[in-house]
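The values are calculated or read from the model by the stated rules, or taken from the named source; none is laboratory data. From a predicted model like this one, the values you see are computed outputs, not experimental measurements. Neighbour counts are summed over all protein chains in view; Cβ atoms, including those assigned to glycine, are modelled from backbone coordinates with ideal geometry. Side chains are part of the model used for accessible areas, which takes the heavy atoms of the whole protein and leaves out ligands, DNA and RNA. Shrake-Rupley method; radii C 1.70, N 1.55, O 1.52, S 1.80 Å.
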Protein chains: 4
Amino acid sequence: MSLRIIATGGTFDKQYDPLTGELVFGDSILPSLLERARITAPCRFEPLLALDSLDMQDAHRQQVREACARSDETRIVIVHGTDTMRETAEVLGHAALDKTIVLTGAMVPCRIDGSDAPFNLGFACAAAQLCEPGVYIAMNGQVFPWNAVRKNRSAGLFEAV
Amino acid sequence: MSLRIIATGGTFDKQYDPLTGELVFGDSILPSLLERARITAPCRFEPLLALDSLDMQDAHRQQVREACARSDETRIVIVHGTDTMRETAEVLGHAALDKTIVLTGAMVPCRIDGSDAPFNLGFACAAAQLCEPGVYIAMNGQVFPWNAVRKNRSAGLFEAV
Amino acid sequence: MSLRIIATGGTFDKQYDPLTGELVFGDSILPSLLERARITAPCRFEPLLALDSLDMQDAHRQQVREACARSDETRIVIVHGTDTMRETAEVLGHAALDKTIVLTGAMVPCRIDGSDAPFNLGFACAAAQLCEPGVYIAMNGQVFPWNAVRKNRSAGLFEAV
Amino acid sequence: MSLRIIATGGTFDKQYDPLTGELVFGDSILPSLLERARITAPCRFEPLLALDSLDMQDAHRQQVREACARSDETRIVIVHGTDTMRETAEVLGHAALDKTIVLTGAMVPCRIDGSDAPFNLGFACAAAQLCEPGVYIAMNGQVFPWNAVRKNRSAGLFEAV
């Protein structure tokens with residue numbers, strides 16, 4: 001079952017800049033992470049954006065929607081910052097694309113010890129293959145329909161609403 | 001959706017013994033890996049066996065079957081060595097337990113750089129929540145019904161048959 | 001040869017806070033890093049400060065000086081932020097303590113992929129055992145006397161002056 | 001101060017072969033480890049051998065001796081298996097090369113969680129720069145003259161004799 005993995009940035013993909021001491025975006029870690037996962041199903045990687053999700057504007061969300069719309073693959077994983085994952089999911093939900101779109105991300109960058117990123121990517125890849133067409137958020141070991149979830153920022157997790 | 005994670009050993013869970021230079025079994029890495037994954041769904045861990053799957057005998061497979069049968073959770077992930085994962089899956093498949101049982105493992109131990117273990121665990125946890133009752137092997141980013149998969153040992157991957 | 005390892009914070013010891021997305025200080029990684037190093041020489045760890053070195057004031061530097069002065073061990077490694085490592089080294093240099101004091105740090109936090117921290121700690125531990133009494137900065141695989149080194153911030157490395 | 005780093009294999013440099021489940025030798029991890037260490041001193045890497053030190057024969061030890069003899073750099077670090085590190089050190093000690101030669105290794109491969117390899121490499125690089133000409137073993141956070149050390153195999157550490 002073919003998958004498309006779209007990177008948009010987010011905590012998942014941040015890396016450390018030794019000169020500034022900041023966490024920034026560079027080349028996505030997703031290609032090496034997908035290779036490590038030894039996926040044999042066809043799986044195309046698209047580096048679309050590299051943004052902190054708090055910096056994501058409407059125009060960026062339209063770019064994400066268009067990337068999903070034009071994707072040949074009908075099963076899509078979007079790696080996204082957690083803070084506005086719900087807002088992007090809503091834009092995609094209203095777009096009614098007749099594809100299975102699963103947004104995931106991480107609370108700890110993939111390049112930092114103890115990250116949830118590889119687990120979350122695996123979880124999202126299975127959800128994208130197994131769920132009916134629709135838009136979902138896959139975080140904390142759960143699959144949430146896009147319109148029934150929120151991020152609880154003080155607890156640092158997603159919960160059903 | 002409640003999950004039970006059963007450890008049986010396998011490459012996934014091997015660790016290095018500095019005194020012998022061998023890869024051996026000690027405490028399972030699964031509790032720390034599950035914590036890292038920030039799972040909020042109820043998730044019970046059961047350390048059942050700690051075996052190389054080439055050393056797994058019929059009696060061990062019956063232990064796995066019994067663990068699945070008595071599990072309160074109807075959605076079960078079994079972490080298992082890859083070499084005889086198919087054989088254990090067959091025993092479970094014939095047992096007809098009316099539960100969703102997903103076997104996964106790793107080609108590289110979780111404690112070694114470049115491991116597929118965290119991705120595979122995430123993938124299997126989603127498959128266990130989303131698949132119909134039955135027995136499946138989740139490896140290489142794919143979900144295979146237990147009776148339609150084999151390990152290709154020379155390529156080091158699972159493929160449909 | 002007995003060693004004292006004094007933590008003061010710095011990039012070396014930063015960890016990621018999932019709730020704020022910031023790199024912050026928590027428990028020092030040094031005890032686990034020293035254990036991993038399998039050091040058999042007597043080695044005492046002192047968690048003195050947990051500061052970004054840009055936040056280090058004169059009073060903090062006096063605390064470092066006092067910790068060195070009262071140390072029973074005459075061979076001391078100080079893990080310190082790189083930005084003002086030179087300033088703390090100068091305070092220690094003027095204190096004339098008749099001990100071998102080696103400051104080190106890291107350009108990438110120990111908990112982030114590709115860190116120089118474990119190498120630098122090993123390098124500094126050897127320098128502390130082998131150098132004459134005095135104050136040194138051990139970074140970039142070199143031992144610099146405290147008054148003959150500066151940090152080149154645009155290049156992100158220490159160089160002789 | 002120029003350094004030469006000679007790889008001979010050993011636990012330090014072992015990697016996991018997913019097809020056989022064995023720890024084997026492939027490309028040395030030393031170039032990437034040296035890059036991570038951000039060394040600014042001239043530092044040349046020589047991949048001489050890739051052997052478990054239990055498989056090292058007299059002819060191999062002569063190769064190591066010749067590599068040291070012809071090295072332009074007078075400060076040399078040799079990464080070596082721990083089991084016969086002492087034997088190779090003895091051959092080099094008797095060769096009286098008027099260079100500073102420091103042998104190091106690791107009890108846990110560099111690519112496995114919790115390895116002592118990066119610390120040991122840093123430790124050895126400082127020792128090679130700071131010690132008088134001679135042959136040394138640098139392990140467990142200590143520098144031992146070649147003729148005053150043995151590996152205690154049951155404890156998994158080097159100790160003075």
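Taking label positions 7 Å along the Cα-Cβ direction at both residue A:57 and residue A:1, the computed distance is 3.7 nm, reported to one decimal.
What share of Cα pairs, in percent, lie more than 16 angstrom apart in the stretch D:1-86? Counting pairs separated by more than 16 Å, the tail of P(r) holds 55 percent. Distances from residue B:132 to itself in the other copies, using label points 7 Å out along the Cα-Cβ axis, amount to 1.5, 8.1, 8.2 nm in increasing order. Number of Lys-Lys pairs in the protein assembly as shown with C-alpha atoms under 21 Å apart and a separation of 8 or more places or on different chains: 6.
By DSSP, what percent of the beta bridges with both residues in the stretch C:1-125 are antiparallel, rounded to the nearest 5?
That works out to approximately 15 percent antiparallel.
Distance between the modelled labels on residue A:22 and residue D:161, one decimal in nanometres: 5.7 nm (7 Å Cα→Cβ projection). Once all protein chains are placed together, residue D:14 keeps about 30 Å² accessible to a 1.4 angstrom probe.
Return the Rg/Rh value of the stretch D:26-161, two decimal places, where both radii are evaluated on C-alpha atoms and Rh is the Kirkwood radius.
Across the stretch D:26-161, the Cα-based Rg/Rh ratio is 0.92.
The mean number of partner chain beta-carbon atoms within 10 angstrom of a residue's beta-carbon across peptide A:30-37 is 4.
Each of C:20, D:11, A:40 has its accessible area taken with a 1.4 Å probe; listed largest first, they run C:20, A:40, D:11. Rolling a 1.4 Å probe across the protein heavy atoms gives the protein assembly as shown an accessible surface of 38 Å² per residue. Using C-alpha pairs below 8 Å separated by at least 6 residues, the relative contact order for chain A is 24 percent.
Write down the percent of antiparallel bridges among all DSSP beta bridges whose residues are both part of the protein assembly as shown, to the nearest 5. Spell out each step's value before the answer.
Working: 46 of 122 bridges.
In the protein assembly as shown, DSSP labels about 40 percent of beta bridges as antiparallel.
Note: relative contact order over the stretch D:8-83, using C-alpha pairs below 8 Å and six or more positions apart, is 47 percent.
Each other copy holds its own label point for residue A:148; taking that point as 7 Å from Cα along Cα to Cβ, the gaps run 2.8, 7.1, 7.3 nm, nearest first. Taking all protein chains as shown and a probe of 1.4 angstrom, residue A:58 keeps an accessible surface of around 120 Å². Of the beta bridges in the stretch B:1-70, as assigned by DSSP with both residues counted there, near 35 percent are antiparallel.
Give me the orientation-averaged projected area of the Cα convex hull of the protein assembly as shown, in nm², one decimal. Before the final figure, lay out the partial values.
Values: hull surface 119.0 nm².
In nm², the orientation-averaged hull projection of the protein assembly as shown is 29.7.
A simple charge model with +1 on the Cβ of Lys and Arg, -1 on the Cβ of Asp and Glu and nothing else charged puts the dipole of the protein assembly as shown at about 0 debye relative to its Cα centre.
Counting from the shortest, the label point at residue C:69, 7 Å from Cα toward Cβ, is 5.6, 7.2, 7.5 nm from the same position in each remaining copy. For the segment A:101-107, counting C-beta atoms of other chains within 10 Å of every residue's C-beta and taking the mean gives 2.
Got a sec? What order do C:112, C:39 fall in by accessible area at 1.4 Å, biggest, i.e. largest, first?
Numbers: C:112 15, C:39 35 Å².
Ranked list, largest accessible area first: C:39, C:112.
Chain A residue nearest the axis that carries A onto C, by Cβ, with distance in whole Å, is A:112, 3.
Give me the accessible area buried between chains D and C, both sides summed, with a 1.4 Å probe, in Å² rounded to the nearest 100. All intermediate terms of the calculation are to be shown ahead of the outcome.
Values: alone 7900 and 7910 Å², together 13420 Å².
Interface area, both chains combined: 2400 Å², rounded to the nearest 100.
Can you give the mean number of other chain Cβ atoms that lie within 10 Å of the Cβ atoms in peptide B:137-149?
On the way: counts 0, 2, 4, 5, 15, 7, 5, 0, 0, 0, 0, 0, 0.
Neighbouring Cβ atoms belonging to other protein chains average 3 per residue here.
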